[in-house]
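Peer 1: Questions regarding the structure given below will be posed in turn.
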Amino acid sequence: QVQLVESGGGLVQAGGSLRLSCAASGRTFSSYVMGWFRQAPGKQREFVAAFTWRSYYSDSVKGRFTISRDNAKNTVNLQMNSLKSEDTAVYYCAAAIDYGTLMRGADYWGQGTQVTVSS
């Protein structure tokens, strides 16, 4: 099994930046596809970004968010710039054995970290 713990959430003004981190433990970190999802109140969980052989982003965050991975430190990060009020959500780190599994629901999930963007 894999354990995931997110950190870095908080309150930020619109136009500001925030960096989320996800620390992984358990089975070999580098063997899994990693990604970020978010869920706003009353909304469905939505895909944000994923890291496989290349980076993937949802249209809503493309050009503003950057996903990165550090296998030596067993972490995956999400740098969020030019934040908007609609980015407000609980952000979840996720891991799966492949990209398809990640997008269908993932194998492992973190507890989530709240990101609130004020106007």
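Peer 1: Taking into account only those residues within the range 55-75 that are of a type in the set (Lys, Arg) and over 18 Å from residue 107 (Cβ atoms), which is least open to solvent (accessible area, probe 1.4 Å)? Can you show your working first?
Peer 2: As a first pass, look at the range 55-75 and keep what is of a type in the set (Lys, Arg): 62, 64, 69, 73.
Still in the running and over 18 Å from residue 107 (Cβ atoms): 62, 64, 73.
On the way: 62: 120, 64: 30, 73: 146 Å².
My answer is 64.
Peer 1: Then there's this: Assuming residue 30 fulfils every condition listed in (1) in a loop (DSSP other than H, G, I, E, B); (2) loosely packed, with under 12 Cβ neighbours inside 10 Å; (3) polar (S, T, N, Q) apart from one, which condition is it?
Peer 2: Residue 30 satisfies all of (1) in a loop (DSSP other than H, G, I, E, B); (2) loosely packed, with under 12 Cβ neighbours inside 10 Å; (3) polar (S, T, N, Q) except (1).
Peer 1: While we're looking at this one, here's another question. In the range 34-54, how many are under 12 Å from the mean Cα position of the chain (by Cα) and open to solvent by less than 30 Å² (accessible area, probe 1.4 Å)?
Peer 2: Total meeting the criteria: 8.
Peer 1: Restrict the check to the range 76-87 and report whether at least one residue is within 19 Å of residue 9 (Cα to Cα), surrounded by 18 or more Cβ atoms within 10 Å (Cβ to Cβ) and of a type in the set (Gly, Ala, Ser). Walk me through how you get there before you give the answer.
Peer 2: The initial filter retains those residues of the range 76-87 that are within 19 Å of residue 9 (Cα to Cα), namely 76-87.
If we keep only those that are surrounded by 18 or more Cβ atoms within 10 Å (Cβ to Cβ) too, we end up with 76-78, 80, 83, 87.
Checking which are of a type in the set (Gly, Ala, Ser) leaves us with none.
No: zero hits.
Peer 1: Here are some conditions: (1) surrounded by 14 or more Cβ atoms within 10 Å (Cβ to Cβ); (2) part of a strand (DSSP E or B). Residue 11 meets all but one. Which one does it not meet?
Peer 2: Every condition holds for residue 11 apart from (1).
The values are calculated or read from the model by the stated rules, or taken from the named source; none is laboratory data. What you see is a predicted model, and the numbers here were worked out from it, not measured in a lab. Every residue, glycine as well, gets a Cβ built from its backbone with ideal geometry; the counts of neighbours run over all protein chains shown. Keep in mind that these areas ignore ligands, DNA and RNA; they rest on the heavy atoms of the full protein, side chains included. Shrake-Rupley method; radii C 1.70, N 1.55, O 1.52, S 1.80 Å.
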